[in-house]
Structure formats: structure tokens, C-alpha cells
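Take a look at the structure below.
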Amino acid sequence: RGATAGTLTSMVGTESLKPNIQELIEIYSKKIVYCGGIGNGNAVKSVNNYLNVSHLMLATDALLGLKKQGVEPEIALEAINQSSGRSLQTQERIPQDVLTGRYNYGFKLNLMSKDVLNAAPILKNGHFYECMSKILTPHSFCEEDYTYIAKFIEMYHNERN
């Protein structure tokens, strides 16, 4: 959706672009961020998508816990989205793609998994990377939308209860 709307941020591994390349990228991007040397754009993109899917997984897990407590996800999101726990996931992806059952933002789970695995050299010594990558790795070939990871988390919750 972001590319179609021209609202993406492009992270490029260079200090500058040739004008014709910049014009091409501006067709689908609202912003170009110059990340420095070769590979840095991909590194930042990988970490961005790690954070993106992490927020989705954490919010899904929290909303499922609240639902078990008797709080409907829509009510919880109304409060969270006016408070400090909000994110793109709680404001857009969960209401538009998860709670509706659409799971159709337009970015495949296998591509999200690839990006997270590409972030391994940067994040492998962090506290959370191993857990997140363990959750995503079994879905590396999943053709579903990345928001479908919320469905997998819900199935996991149901198995444990």
C-alpha cells in the first residue's frame, strides 16, 4: 500500500543519488534517507522491519492477554492509541488488517522474515533478537501477508490455554 500511495521511506546506502535515480525512487517514496556506505540502507531497512514486526507481535500478544482478561481489543486499542504504548501497528495494521481478518497489508511474511534474518549480524547479541527470529523462522516460506503472524500468535495462545 505504501509504495502505491507513494508514502514509503527509502533507505539508501549512499551519500547521494544521480538525479534520474532519485526521481525514480521519489515515485514510490515520500522521503529518501541517505544512510552512508554500501549496505547501510539495507541494514537500516532490516532493522526497521525487525521493529515493525516486533511491534505487531508484541501488541498482538498483549491484546490477546487483555481479551482473556475480558477487555475487547477495540476498547484496549482506543485507550492505547491515545497513550504512550501506541505504534503504527496498534493504530493501523491491527485495526485494519488483523481485527478485520483481512491480513492483507501487501507485504509478504516471507519477505518480512527475510529482512529480520538479514538483521542478524546487527542484532544477534541483543536480548530479543533470538526470540523474535525463532517465532518468524518457521514462517520463512509463508506466502501470507506479514500481518498474518498475528494469527499464528493467536493459535499459539489458544494451544497454551
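The values are calculated or read from the model by the stated rules, or taken from the named source; none is laboratory data. Quantities reported herein were computed from a predicted structural model and do not represent experimental measurements. Positions of Cβ are backbone-derived with ideal geometry, glycine not excepted, and every protein chain shown enters the neighbour counts. For accessibility, only protein heavy atoms count, side chains too; no ligands or nucleic acids. Shrake-Rupley method; radii C 1.70, N 1.55, O 1.52, S 1.80 Å.
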Problem set entry | Selection within region 63-101 - outside any helix (DSSP H, G or I), within 24 Å of V44 (Cβ to Cβ) and not small (G, A, S) | R86
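Of these, N48, N52, N125, N104, which one is among the polar types (S, T, N, Q), touching a helix residue (DSSP H, G or I) at 6+ places or on another chain (Cβ under 9 Å) and not in a helix (DSSP H, G or I)? Spell out the reasoning first.
Working: N48 fails: not in a helix (DSSP H, G or I); N52 fails: not in a helix (DSSP H, G or I); N125 fails: touching a helix residue (DSSP H, G or I) at 6+ places or on another chain (Cβ under 9 Å).
Result of the check over N48, N52, N125, N104: N104.
Within 21 Å of L109 (Cα to Cα) and either open to solvent by 40 Å² or more (accessible area, probe 1.4 Å) or touching a His at 6+ places or on another chain (Cβ under 9 Å) (or both) - does that describe any residue in region 11-20? Please lay out each step first, then the result.
Looking only at region 11-20, we keep the residues that are within 21 Å of L109 (Cα to Cα), and these are 11.
If we keep only those that are either open to solvent by 40 Å² or more (accessible area, probe 1.4 Å) or touching a His at 6+ places or on another chain (Cβ under 9 Å) (or both) too, we end up with 11.
Yes; the residues of region 11-20 include at least one that is within 21 Å of L109 (Cα to Cα) and either open to solvent by 40 Å² or more (accessible area, probe 1.4 Å) or touching a His at 6+ places or on another chain (Cβ under 9 Å) (or both).
Say whether the condition of being buried (at least 16 other Cβ atoms within 10 Å of the Cβ), in contact with an Asp or Glu (Cβ under 7 Å, 6 or more places away or on another chain) and either among the aliphatic types (A, V, I, L, M) or within 17 Å of I149 (Cα to Cα) (or both) is met by at least one residue in region 74-87. Let's see the steps before the verdict.
So in region 74-87, the residues buried (at least 16 other Cβ atoms within 10 Å of the Cβ) come out as 76-77, 80, 87.
Still in the running and in contact with an Asp or Glu (Cβ under 7 Å, 6 or more places away or on another chain): none.
No, region 74-87 contains no residue that is buried (at least 16 other Cβ atoms within 10 Å of the Cβ), in contact with an Asp or Glu (Cβ under 7 Å, 6 or more places away or on another chain) and either among the aliphatic types (A, V, I, L, M) or within 17 Å of I149 (Cα to Cα) (or both).
Regarding region 117-135, can at least one residue be identified that is open to solvent by less than 30 Å² (accessible area, probe 1.4 Å), out of contact with any Ser or Thr (no Cβ under 9 Å at 6 or more places or on another chain) and closer than 20 Å to G2 by Cβ?
Applying the first criterion (open to solvent by less than 30 Å² (accessible area, probe 1.4 Å)) to region 117-135 yields 119-120, 129, 132-133.
With out of contact with any Ser or Thr (no Cβ under 9 Å at 6 or more places or on another chain) added as a condition, the list becomes 129.
From what is left, the residues that are closer than 20 Å to G2 by Cβ are none.
There is no residue in region 117-135 that is open to solvent by less than 30 Å² (accessible area, probe 1.4 Å), out of contact with any Ser or Thr (no Cβ under 9 Å at 6 or more places or on another chain) and closer than 20 Å to G2 by Cβ.
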Seminar exercise, completed: Cβ pairs under 6 Å, 6+ apart or interchain, first in region 1-23 and more than 30 Å from Q96 (Cβ to Cβ), second assigned to a helix (DSSP H, G or I), ordered by first then second residue, are G13/N40; G13/G41
